[in-house]
Amino acid sequence: MKMKLLLMSLLLLILHEPIWVHGVPVSSPQIIPITPLSTSMPAISPGTQVGEEHHQKDSDKKVIIAVVVASTVLGGVILSFLCFWFCHSKYRSKSNRKNVQSSVGMKGSVPIIDYKQIEKTTNNFHESNILGEGGFGCVYKARLDDNLDVAIKKLHCESQNAGREFENELDLLSKIQHPNIISLLGCSITDDTRSIVYELMQNGSLDAQLHGPSHGSALTWHMRMKIALDTARGLEYLHEHCHPAVIHRDMKSSNILLDANFNAKLSDFGLAITDGSQSKKNIKLSGTLGYLAPEYLLDGKLTDKSDVYAFGVVLLELLLGRKPVEKKAPAQCQSIVTWAMPQLTDRSKLPNIVDPVIKNTMDLKHLYQVAAVAVLCVQPEPSYRPLITDVLHSLIPLVPIELGGTLRASQVTQQVTPADPPVNSSHR
């Protein structure tokens, strides 16, 4: 409004204020009536008349030049003010859009969901809606107002680490979109509680499927290979297609989630870091025992090969049905890598240590190939481990076409009927 008043004032100034030339005001042109010459007017000599006319022409030229110069100056001033007013209006418009966006509720590019709505949809975080538990809180099943089923991870952020992991996960997942990585739908922030809203994965985690009450009975050999392939695809996206590359740092079966069709997706990016980060050499040791690569556990060295090691452990879980670390005595634990390594390379022993649920249901050549990939992934020396891209290309031919691989139906060997009844899975 102030700018408009200023422009109006300038226009009035141009229309009504006289222009001064040589100390004399020159008004806007006016029509002056011409009176008839008097017959009694004295005669004027020709020389005098010509001189006066010449002098009058010079004066007129000066007036015209002055008017042109003054008009040009004023035009420049008005143009400058118009430009200023346009820029000011544009800036104010952008500012208003930002204010509207913040009033809608956004944290960066992540929608903020009202905490009261989350309380309502989880029945005030009732234990009957718990899907799982983690280090900093629980995951609940909920349904939003638009009948969308979701999973809500509620974090208690009294500690600095929990708050930092919350911010880190939001930052990374808001930039990542891949079929084998969990989708972030929103978040909620209130007092010392933080909540993250994800797509719901109906079949829970791979850990619950393998080591829960069903002991992997829903997972056939080909389904397990599909889960391994999906997981490798998710990791390859993080390592090879994100710029900078992302190291998950907490790769494990409980962070591999399965949807209604058993498609696998990586989750829980609270500990993930970007490769090339200057701070990664001095980061605090974090992760889960049994999945930590030796160089990271002993020396704190973290690379994408640390994720490959953890993937190898998951592959062993799929093959053998065992947990990454098993308690043998009150003060003694044994890792799946230590126990399995001597037998994985012995073709006569390998079929005997396979999970009884899938024993004798696969082509032995495929079994040997998967075991060889797992052995390479869990090598103590990082440089001996393959890139996740190499692992991915090794698994694709072992998965049927309908499950995302290249194995054709004609290549699938008929399942071998077990000679003996399945062994009780007490080895778990």
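General observations
- Under the simplified labelling scheme, the ASP191-LEU298 pair shows an inter-label distance of 4.8 nm, with each label point 7 Å from Cα along Cα→Cβ.
- With a 1.4 Å probe rolled over the protein heavy atoms of all chains, the accessible area of ARG233, ARG408, ARG322, ARG224 falls in the order ARG408, ARG233, ARG322, ARG224, largest first.
- Coil-residue GluC sites (Glu not before Pro) of region 141-230, DSSP, other Cβ within 10 Å capped at 15: GLU158
- Table column - 3J(HN,Hα) (Hz), region 257-265, Karplus curve with 6.51, -1.76, 1.60, x for Gly and Pro: 9, 10, 7, 4, 9, 6, 6, 9, 9
- Between amide H atoms placed 1.01 Å from N, distances below 5 Å from ILE181 occur with LEU266, all of them 5 or more places distant or on a separate chain.
- Gained length - GLN177 relative to LYS349, 0.36 nm times residue gap less alpha-carbon distance: 57.7 nm
- Ordering PRO386, GLY404, CYS333 by Cα displacement along the dipole of region 312-408 toward the positive end leaves CYS333 in first place; charges were set at the Cβ atoms of Lys, Arg (+1) and Asp, Glu (-1).
- Between SER383 and LYS328, the C-beta separation translates, for a Förster distance of 30 Å, into a calculated FRET efficiency of about 0.40.
- Backbone N within region 169-202 under 11 Å of label point (7 Å from SER214 Cα along the Cβ vector): 202
- The fraction of accessible area contributed by carbon and sulfur in region 202-252 is 51 percent, rounded to a whole number (1.4 Å probe; ligands and nucleic acids excluded).
- Residue pairs exceeding 23 angstrom between C-alpha atoms, taken from LYS226/LYS323; LYS120/LYS175; LYS226/LYS365: LYS120/LYS175.
The values are calculated or read from the model by the stated rules, or taken from the named source; none is laboratory data. Worth saying up front: this structure is predicted, and the values here are computed from it rather than measured. Note that each Cβ is placed from the backbone with ideal geometry, even for glycine, and that neighbours are counted across all protein chains shown. We work out accessible area using only protein heavy atoms, side chains counted, and drop any ligands, DNA or RNA first. Shrake-Rupley method; radii C 1.70, N 1.55, O 1.52, S 1.80 Å.
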